[in-house]
Amino acid sequence: MRKQKTSVMALLVAALLVSTFPAHAGFVGTEQMVTEQTRAVSLNRIEHALAGAEVAAQLEAWGVSSEQVATRVAALSDIELAQLADTMETDPAGGVLVVLGVVFLVLIVLHVAGVFNAFR
Amino acid sequence: MLQGDEVVPLGKLCRGSGAVKTVASALLAVVLSGCVTSPGQQELLGAASVAELTEVPFFAQDEYQCRPAALATVLVHGGVAVTPEQLVSKVYVPDRKGSLQAELLAATRSHGRVPYRLADSPRALLEEVGDGRPVLLLQNLGFERWPIWHYAVLIGFDAQEKTFVLRSGTEARHTISANRFLNSWQRAERWAIVAVSPSDPPAGASALGWLRAVAPFESTGELAIAAEGYAAGVQRWPEDPLVWTALGNVRYLQEEFAKAEQAYGEALARAPDHWPARNNLVWALMARGCAGLARPWIDAAGSPPADFAATWNRTLGELAEMGDGGCDTVQL
């Protein structure tokens with residue numbers, strides 16, 4: 001199992017290395033052109049592949065199946081991959097509302113009890 | 001509460017019809033007259049306008065599996081044949097019990113729709129709904145410190161009652177006060193998107209916003225869709241050099257070098273100091289074996305700004321290696 005995962009990852013990195021657009025470094029792609037370079041998002045091939053591997057590893061660690069991971073990573077753009085690799089652990093993940101009531105109740109009780117100020 | 005007979009089912013009207021225009025202008029008046037005092041303050045004061053996209057489908061989230069219901073809602077409304085179950089494998093992250101924004105964008109693209117990120121104003125939300133488009137948005141139903149992230153779809157609003165109407169979770173029609181809604185949206189950094197066809201930038205779109213939404217198609221090799229999006233862009237913003245450059249880029253990647261040169265030419269005619277256009281034009285000329293033709297463009301260039309110097313030097317280096325040959329092939 002472990003071995004299989006490693007080989008999937010290796011294939012993924014290889015795929016990212018050969019599939020990166022554009023083919024050469026001097027050409028300026030549109031995504032690069034329109035992204036605010038507030039944080040230097042590097043788009044060279046190696047770093048692109050590494051960002052892909054990082055995102056893939058995290059998705060797998062979060063329970064996404066290895067078959068799905070490759071397709072999902074391939075669907076993300078260069079910039080999205082670079083940004084996800086940086087921030088995905090703290091990025092919002094919108095989900096179900098099952099635990100909502102309980103969480104609210106606990107927070108409100110704590111708030112009212114003066115344990116802490118929940119409202120900012 | 002909403003009165004049934006006041007509700008204008010926008011989706012049942014043709015776009016651009018009189019009724020829609022009336023609603024849209026009423027809406028605009030609402031927004032313009034609304035006093036915006038704080039981020040949470042709603043902008044719907046004193047208006048009598050109501051809209052609801054009644055025909056937007058509803059997919060309930062079930063309690064045990066997080067079906068990407070909100071994403072399915074906007075895609076299906078936009079004519080994509082998809083079910084929440086089919087989207088699970090594209091966006092659901094089991095241990096996070098939810099979906100990441102970046103993956104929602106990617107999944108939208110994988111169905112051939114452009115995920116356009118709306119401006120972070122309530123007005124932008126209202127305009128889209130007024131235009132007949134449901135809005136997929138992120139809410140934080142918890143607190144800033146203890147967020148509870150939730151995706152919902154905005155389908156309507158009632159300016160008089162100061163309420164918004166959402167397809168949300170297990171509720172097909174969730175009515176929420178404007179204040180509470182806008183605060184929950186504010187805590188999620190006002191993230192909202194619409195899913196549109198590549199040929200149809202939203203009425204309120206900006207050129208830069210549209211390029212940011214379309215460019216990932218180019219990066220992931222979906223060149224035909226990128227080309228469609230950029231072509232729609234130059235129709236909408238014909239004076240914007242950035243949009244022309246983007247069109248040139250996708251033509252270059254499609255190996256339509258003459259068309260690329262033409263688009264870069266349009267960009268440079270409007271903004272001679274647009275360095276990416278000039279740089280990529282040189283690449284297009286080299287690609288079709290006309291390196292010699294690049295010379296006048298380079299001589300006229302002057303020197304690039306500091307942050308572009310490295311790229312420009314690489315390009316000049318490449319050109320020097322190729323020599324100043326004339327065209328190998330005649331394409332024009």
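How many residues does segment B:185-211 contain that are under 20 Å from B:E266 (Cα atoms) and among the basic types (K, R)? Residues in segment B:185-211 being under 20 Å from B:E266 (Cα atoms) and among the basic types (K, R): 0 in total. Scanning segment B:247-259 for residues that are within 11 Å of chain A (Cβ to nearest Cβ) and crowded, with 22+ Cβ neighbours inside 10 Å gives B:L247, B:G248, B:N249, B:V250, B:Y252.
Could you list, in sequence order, all residues of segment B:200-230 that are within 14 Å of B:V243 (Cα to Cα) and more than 13 Å from chain A (Cβ to nearest Cβ)?
Filtering segment B:200-230 down to residues within 14 Å of B:V243 (Cα to Cα) leaves B:201, B:205-215, B:218, B:226-230.
Those that are within 14 Å of B:V243 (Cα to Cα) and more than 13 Å from chain A (Cβ to nearest Cβ): B:P201, B:A205, B:E228.
Just one residue in the set B:W237, B:W244, B:W297 is more than 9 Å from chain A (Cβ to nearest Cβ), open to solvent by 20 Å² or more (accessible area, probe 1.4 Å) and over 26 Å from the mean Cα position of the chain (by Cα); that residue is B:W297. Look at (1) more than 12 Å from every other protein chain (Cβ to nearest Cβ); (2) open to solvent by 50 Å² or more (accessible area, probe 1.4 Å) and you find that B:C290 fails only one, number (2).
Identify the residue in segment B:79-126 that is among the β-branched types (V, I, T) and within 16 Å of A:V69 (Cα to Cα) and, among all such residues, is surrounded by the most Cβ atoms within 10 Å (Cβ to Cβ). Full working, then the answer.
From segment B:79-126, those among the β-branched types (V, I, T) are B:80, B:82-83, B:88, B:91, B:93, B:108, B:114; that's our starting set.
Add one more test, that the residue is within 16 Å of A:V69 (Cα to Cα), and what stays is B:88, B:91, B:93.
Values: B:V88: 17, B:V91: 28, B:V93: 20.
Step by step, filter segment B:79-126, then rank; the result is B:V91.
Tell me whether segment A:3-12 contains one or more residues that are within 13 Å of chain B (Cβ to nearest Cβ), closer than 22 Å to B:F217 by Cβ and modelled with pLDDT of 60 or more. Scanning segment A:3-12 turns up no residue that is within 13 Å of chain B (Cβ to nearest Cβ), closer than 22 Å to B:F217 by Cβ and modelled with pLDDT of 60 or more.
Within the group A:V102, A:V55, A:V64, A:V106, which residue is modelled with pLDDT of 90 or more and part of a helix (DSSP H, G or I)? Talk me through it step by step, then tell me what you get.
On the way: A:V102 fails: modelled with pLDDT of 90 or more; A:V64 fails: part of a helix (DSSP H, G or I); A:V106 fails: modelled with pLDDT of 90 or more.
Criteria check complete, one pass: A:V55.
Could you list, in sequence order, the residues of segment B:145-175 that are surrounded by fewer than 20 Cβ atoms within 10 Å (Cβ to Cβ) and either more than 11 Å from chain A (Cβ to nearest Cβ) or of a type in the set (F, W, Y) (or both)? Listed by number, the residues that qualify are B:W146, B:Q160, B:E161, B:K162, B:A172, B:R173, B:T175. The residues of segment B:100-126 that are assigned to a helix (DSSP H, G or I) and either within 13 Å of chain A (Cβ to nearest Cβ) or of a type in the set (G, A, S) (or both), listed by number, are B:Q101, B:A102, B:E103, B:L104, B:L105, B:A106, B:A107, B:T108, B:R109, B:S110, B:A124.
If we keep just the residues of segment B:127-144 that are facing chain A (nearest Cβ under 9 Å) and in a loop (DSSP other than H, G, I, E, B), which is surrounded by the fewest Cβ atoms within 10 Å (Cβ to Cβ)? Spell out the reasoning first.
The initial filter retains those residues of segment B:127-144 that are facing chain A (nearest Cβ under 9 Å), namely B:138-144.
Subsequent filtering for residues that are in a loop (DSSP other than H, G, I, E, B) retains B:141-144.
Working: B:L141: 20, B:G142: 18, B:F143: 17, B:E144: 11.
For segment B:127-144, the residue satisfying everything is B:E144.
The listed residues are B:G221, B:G229, B:G302, B:G292, and the only one of them that is among the small types (G, A, S), more than 30 Å from A:A75 (Cα to Cα) and touching a helix residue (DSSP H, G or I) at 6+ places or on another chain (Cβ under 9 Å) turns out to be B:G292.
Pairing residues of segment B:198-223 that are under 11 Å from B:W237 (Cα atoms) and open to solvent by 20 Å² or more (accessible area, probe 1.4 Å) with residues that are at pLDDT below 95 and part of a loop (DSSP other than H, G, I, E, B), at Cβ distances under 8 Å and at least 6 apart in sequence or on separate chains, gives no pairs at all.
The values are calculated or read from the model by the stated rules, or taken from the named source; none is laboratory data. For clarity, every value in this text was computed on a predicted model and none was experimentally measured. No Cβ is skipped: glycine too gets one built from the backbone with ideal geometry, and neighbour counts run over all protein chains shown. Protein only, heavy atoms only, side chains kept; ligands, DNA and RNA dropped before computing areas. Shrake-Rupley method; radii C 1.70, N 1.55, O 1.52, S 1.80 Å.
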